Amino acid sequence: MSATAPIVSRMESAARPPVAIDEERPASLDEESAAWLRDLRRHGPARDGAVERLHALLLRAARFETGRRRASHPHLRGDLDDIAQEAADDALLAILARLDDYRGLSRFTTWAYKFALYQASVKVRRRSWQGREIPVEDEAWNVLASTEALPEDEAEQSELLRAIRDGIATALTPHQRTVLVALALNDVPIDVLAERLQTTRGALYKTLHDARRRLRRDLAAAGYAAGEGRKEVS
């Protein structure tokens, strides 16, 4: 594998959307899952009890996820339990609104856990960026440079880095440059960037896709094999 492969793969991976929570095909329900659905669709005390039990389950999942992610977010501020409570509340509302989406491919509690884990991870990322500036300059070029490159590959890698840097500066629009640098180089969470730029995740994925395509064309025009990170020999 080329020593420049980690550079290209990092730029590519930033555009991969998260796995959807939805399930794909119907299946027969186990007894416990069927009971959850039945109680949550009822009215009165039976539903209230099911909602209370579900919230407790979601809160345990959210507390686990916020605790697990704390070490990887040194800028995280505030009470973790507050974050977990918010995550459990939002997960509960999402689940109650999407009961008809549950297909039974896994146990209902397993399906519900995914909502809590997702909400907790989003809220941890957002809280960790609270009060921080979004970096829009290419501060992370030294991170892109592979520390495992062989000496004979260092010149090739440096050359590619210069080509990518020049392409970002000249071939992209200011908005494309901001999005690509923030997401692909500086690891800004896409939901945080969407909130700061007052746009949607989908719009940012589209911008990132267009920026990558322009950058590949620019690299190809400079003599680099598109998508490979290796200069062609003429």
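Bear in mind that the values in this text are calculations on the coordinates, not laboratory data. What you are looking at is a predicted structure, and each value in this text was computed from that prediction instead of being measured. Heads up, the Cβs are rebuilt from the backbone with ideal geometry, glycines too, and the neighbour counts pull from every protein chain shown.
Here the Karplus curve 6.51 cos²θ - 1.76 cosθ + 1.60, taken at θ = phi - 60°, turns the phi angles of segment 105-122 into couplings of 6, 9, 5, 4, 5, 5, 4, 5, 4, 4, 5, 5, 5, 5, 4, 5, 5, 5 Hz, with x standing for Gly and Pro.
Projecting the Cα atoms of GLN119, GLY49, ILE95 onto the dipole axis of segment 31-128, where Lys and Arg carry +1 and Asp and Glu carry -1 at the beta carbon, places GLN119 farthest toward the positive end.
Applying 0.36 nm per residue to the separation of GLU32 and GLU195 and subtracting their alpha-carbon distance, the gain on full extension is 54.8 nm.
Here the 3J(HN,Hα) profile of segment 81-96, calculated from phi with Karplus coefficients 6.51, -1.76 and 1.60 at θ = phi - 60°, is 5, 4, 5, 5, 4, 4, 5, 5, 4, 5, 5, 4, 4, 5, 5, 4 Hz, Gly and Pro shown as x. Backbone geometry of segment 186-192 corresponds, through the Karplus equation with coefficients 6.51, -1.76 and 1.60 at θ = phi - 60°, to 3J(HN,Hα) couplings of 9, 6, 6, x, 5, 5, 5 Hz, x marking Gly and Pro.
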